[in-house]
Every structure is written in structure tokens, then in C-alpha cells.
1. What length, rounded to one decimal in nm, is gained on full extension from residue A:64 through to residue A:283, with 0.36 nm per residue of separation minus their alpha-carbon distance?
2. Let's test this: bin the Cα-Cα distances of region A:3-101 at 10 Å from zero up to the farthest pair and state each bin's percent.
3. Considering only B:127, B:64, B:104, give the residue with the highest GNM mean-square fluctuation for chain B, with springs between Cα atoms whenever their separation is below 10 Å.
4. Which of A:228, B:71 has the fewest other C-beta atoms within 10 Å, and how do the rest follow up to the most?
5. Considering chain A as a Gaussian network with a 10 Å cut-off on Cα pairs, which listed residue, A:88, A:238, A:144, attains the greatest mean-square fluctuation?
6. For A:267, A:193, which order do you get if you count the other beta carbons within 10 Å of each Cβ and list the fewest first?
7. Mean residue ellipticity at 222 nm from the helices of the protein assembly as shown, using -39,500 (n - 2.57) per DSSP H segment of n ≥ 4 over the full residue count, to the nearest 500 deg cm²/dmol?
8. When ranked by the protection proxy of mean other Cβ atoms within 10 Å per residue, highest first, what sequence do the peptides B:6-19, A:268-281, A:167-180 form?
């Protein structure tokens, strides 16, 4: 096993590129710059500024001390122009980085019968279990996120064999697959992200439900173009996206009397989202909460 | 679903050549993301630009999904390319390795503009000049 030296130093945004360019001369294949943020950051929001850690790696061998000296010297001269700290060195053992991420995944049991299982793992399967196998590409619904769990539980509760289901923002396809496995006759799933469409298709095939699930790139318009209204609508999105797609005729995706299930909403957005949904005739019939997250079940008014 | 970001990692690596060795392996594996999915996607998206350093900025979310965007090449690598040199000066305050004209600085600033924290081209040029000086490259009119 190869051992590697890691050199790292914490710098501000301006200095990072210059430091990276100096380190690049001495390290293997390039540089990693990690942004540290003390608080929370959310997708699609401006991210907090924070210090950066610049890291590079070189083999731990007979040249180690020479390379360390070269790095320290190069940074010493840079320090005459920029205030930068001294580099920190440590050694790391080479491991199977390509597969290391897999240890983060475990089978997850949700609701009464649903078992989400990473494709490469064996799981303790009970009679009547609905096993959903997922292999994470870049878009992964691991089944561990509260909103995914809430939606899966709702699927278990409301989807009956033979139903028609629409899935708006399908991501990894996990909800669409669950719907099909619960007996839905037709599931039409859309996502604006092409990559997600591909991953969802692969996952559908893996679970043997490609026949029932049609995945395509799109949003509300594409679901309305499906030509028929659905008995169940699923939308695990965000409050902001839900409100953005309301003017597109969101409610018409489900038939009068049909259920439209929303998640990805946090509790403080409840009033705003519920009143916006009721204005388009999606009447709130139930709200579940897990952590900060809400699941809002609505029924479309018949008149 | 609103996703919480748990890490943002920028990799400054060569186009089309991502692999699980350092720095990519240790930098990404600790965050639990599918390394090979990243390498495959990165290599596909940068295949036409082999020879350039094309940084990828990866945002890792709390459910271990991730997304990445490609960035403009590092300022220093654009300067090196423009001057036709392999590396900057080891002693930038004393040994100079080249000269950039203001027009060349502007050209680099224009390429870098989308990724720089700059409101106008003048402040972008100042940042490019700063990087140039740190490499032992002087600016001429």
C-alpha cells in the first residue's frame, strides 16, 4: 500500500489560487480546495463566505523530506507578498477510495413494508416486503432524507393497485419506483435535470418496473401533456419551486377528487404554501411533520 | 427537495483525466459520494479540453448526493499559458519570469470574470495582476 503525504493550509479566497499554483508544482495530479462553512448552506442560495483549505498530495517515499523543504521554501517566498500560514503535513494511507463511499449506505426500512436497499448489499427481507434497490449515481434518494421517507409513507398509504401516478421532480426515481411497486398501473415521472432522468430510468430498470414508469425531462407542462389526469400526484420539491409552478396549472395534473402530495416544505413555510395550494383548489387534508420537514396532503376540489 | 450542503470542494485537475488517486480520492471519499460517478462525468464533460486545467466545484448534500459545475481555468494557469512558461517564479519578489501587458491582463480577466468575485472588469484585472505578481510576472503598459 502506498502512503501519501498531505500538505494543507488554510487561506482566504484571494490567496487560494496563488497557493494552489505553487503547490501544484510538487503534488500529484492537482489540488483540492475545500470551503469550510461554519453554519448551514442550502442549495441554490448564496453560500456563506468562509476560509478555504488548500490540499495537495505527494507520495511518501525517499524524496519526502526534499519535497517538504521545497514546498516550505516556495511558500516562504510567497509569504513575503501575501500573509499565508505555514503548511501542515500529515501522512495518509492509501485506501480503496473508489469504493469507500459505499460504507455510508445501509438498507433503510420505511413505513410498514418498504425496504430501500443499496444494490450491492444483502438485506434482511421479510415476507410481503417491497424491496427497492437503488444504485447511486450523482442523484441519489437514499431513503434517509425525512422528506423522502414522508413521501414513501404517503405512497404506501394512498397508492392502490391500478392507480395512475404523476411524480414531479423525480430525482433518483425513488418515489416513482415505490409507486409502481405498490401496484400503480402507470407512473409518469419528470425532472428538469437530464442527469436525473437517466438515473431514474436506470433505477426503474433495476427494479423491473420500466414498463409502468415513463420518465422524461420536463415539469408541469409535460405532465399536463400526458393527456390524462392522474389519481395521485407526488411533488417532493421546495416551497419556492411549488410556488413557481402553481401558475403553470399545477392542480390540473390530478383529476378532481384526486390527491396531490407535497413535501420539501419546512414548517415555517406551512401557511404560505397551504394558502397558495388552496387558492388553486388543492384543499389540505392532512399535514405530517418530521424534524423541520412537512408532508402536505391535498385533495383537488370536485367543482 | 431543499438540500442542505455539507461541503463544497473545488478540484483543480486536468481535463479528461480524473481518477480515484489523490487528490480526488481522499478529497471526495470522506464525504461519502460516489467517486467513480464523478470521474466518469467529469471526464466526459472535459474530454474536448485535454491539456487544460479545468476546475470542478462539487457541492455535497446531506443525503450524499452531489452536483458539480465546471469553472474557468485557474488564473495562474492562464497566465502561464499566455506567457508560454511551465511554472511561476520560485522567488517572486526577486526573480521575474515574464511580463504581461495590460491588454493581456484584460484578456485573462475577461475569461475569469464569471468566477471572480468582481463587479467590473477593472477589479477583475486587479485580481489577475495580484496573481501575476505572486508568480514573479510583472505588468507593463
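Every number in this text was worked out from the coordinates using simple rules, so none of it is lab data. Being a predicted model, the structure only gives us computed values, none of them experimental. Neighbour counts are summed over all protein chains in view; Cβ atoms, including those assigned to glycine, are modelled from backbone coordinates with ideal geometry.
1. On the way: separation 219, 0.36 × 219 = 78.84 nm, distance 6.76 nm.
Between residue A:64 and residue A:283, full extension yields an extra 72.1 nm.
2. 14, 42, 30, 13, 1
3. B:64
4. Numbers: A:228 11, B:71 17.
Going from sparsest to densest Cβ surroundings: A:228, B:71.
5. A:88
6. A:267, A:193
7. Details: 14 runs with 140 residues, N = 444.
After summing the helix terms and dividing by residue count, I get -9500 deg cm²/dmol.
8. On the way: B:6-19: 20.8, A:268-281: 15.0, A:167-180: 28.9.
Packing proxy ranking, top to bottom: A:167-180, B:6-19, A:268-281.
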